[in-house]
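Remarks on the structure that follows.
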Amino acid sequence: CVIYSLWCIGIRMCVCVIYSLWCIGIRMLSGLQFHVKRGDHTRAARLLMRVANNISKFPTHLVPILTSTVVECHRAQLRNTAFTYAAQLMQPQYRQKLEPKWKKKLETIVRRPDKTEVEESTTPCPFCSYDLQAMRLDCPECKNALPYCILTGCHMVRDDWANCPSCRFPALFSLMKELVSAGDQSCPMCSSPWTEADVVKVNNPSAFLKSD
């Protein structure tokens, strides 16, 4: 009975992890257009990299996702990552599916590899304040899974916290405020419209932080 119970727990954990990765990918892609439209290629590239790292969850969209990842990474000076995914797309099973307008660019990236890479910015863990990469969703210090911003994909930070008033998913207050001020007033998660009154800074987000 004990062994069976442990096995069931293990299965449930695996299912939850896979489902979480799938949800993260869908949500991240939903916010991608916002950054591309703003010309923020670094955030767009980082979002696409997260999805590309779990590309096995999106087999039918592998080629367009990886193509977009290469293009945005190249624009964001993440040249080594761009080269890695471009080389993957040059494999015979993917190469024939590439759009003609991108095929030549990808071939050039592979033929003339540039391995330079801009370092990722760091922000403090919302649980223990340990400084880690902004896009990382697990803290190596306190071992907690970190809540992430629905606008950027970055983990949340305690002093820049807001929530969508409809779906309650968290977003970085500073960026949510910028988004509404720019006239792009809808949640990328639930599509609910946002107004300036909806942008409320959470001074103490402890209620939204659950330790593992």
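Some observations on this one:
- Pair list, Cβ < 9 Å and 6+ apart or interchain, from region 173-188 residues that are among the charged types (D, E, K, R) to residues that are open to solvent by 10 Å² or more (accessible area, probe 1.4 Å) and in a loop (DSSP other than H, G, I, E, B): Lys177/Val199; Lys177/Lys201
- Of residues in region 170-192 being among the hydroxyl-bearing types (Ser, Thr, Tyr) and at pLDDT below 90, the one farthest from His41 (Cα to Cα): Ser191
- Answer residue from region 159-169, given it is open to solvent by 10 Å² or more (accessible area, probe 1.4 Å) and in contact with a helix residue (DSSP H, G or I) (Cβ under 6 Å, 6 or more places away or on another chain) and is farthest from Ala45 (Cα to Cα) among those: Pro165
- Among residues that are open to solvent by 30 Å² or more (accessible area, probe 1.4 Å) and either at pLDDT 70 or above or of a type outside the set (Lys, Arg) (or both), Val17 is included.
- Scanning region 120-137 for residues that are closer than 24 Å to Thr84 by Cα and open to solvent by 50 Å² or more (accessible area, probe 1.4 Å) yields Glu120, Ser121, Thr122, Gln133, Arg136.
- For Glu117, the test of being among the charged types (D, E, K, R), more than 17 Å from the chain's Cα centre (by Cα) and surrounded by 14 or more Cβ atoms within 10 Å (Cβ to Cβ) is passed.
- Residue in region 142-155 that is within 19 Å of Leu47 (Cα to Cα), over 16 Å from the mean Cα position of the chain (by Cα) and either β-branched (Val, Ile, Thr) or open to solvent by 50 Å² or more (accessible area, probe 1.4 Å) (or both) present: no
- Test for Glu99: is it among the acidic types (Asp, Glu), open to solvent by 40 Å² or more (accessible area, probe 1.4 Å) and without any contact (Cβ under 8 Å) to a residue 12 or more places away in the chain: no
- Residues satisfying the stated conditions in region 35-93, i.e. under 18 Å from Arg136 (Cα atoms) and open to solvent by 60 Å² or more (accessible area, probe 1.4 Å): Thr42, Arg43, Asn53
- Residues in region 170-191 that are of a type outside the set (S, T, N, Q), open to solvent by 50 Å² or more (accessible area, probe 1.4 Å) and part of a helix (DSSP H, G or I): 2 in all.
The values are calculated or read from the model by the stated rules, or taken from the named source; none is laboratory data. Everything numeric here is computed off the predicted structure, so don't read it as measured data. Cβ atoms come from the backbone with ideal geometry, glycine included; neighbour counts cover every protein chain shown. Ligands, DNA and RNA are stripped out before the accessible areas are found, and what is left, the full protein with its side chains, is counted by its heavy atoms. Shrake-Rupley method; radii C 1.70, N 1.55, O 1.52, S 1.80 Å.
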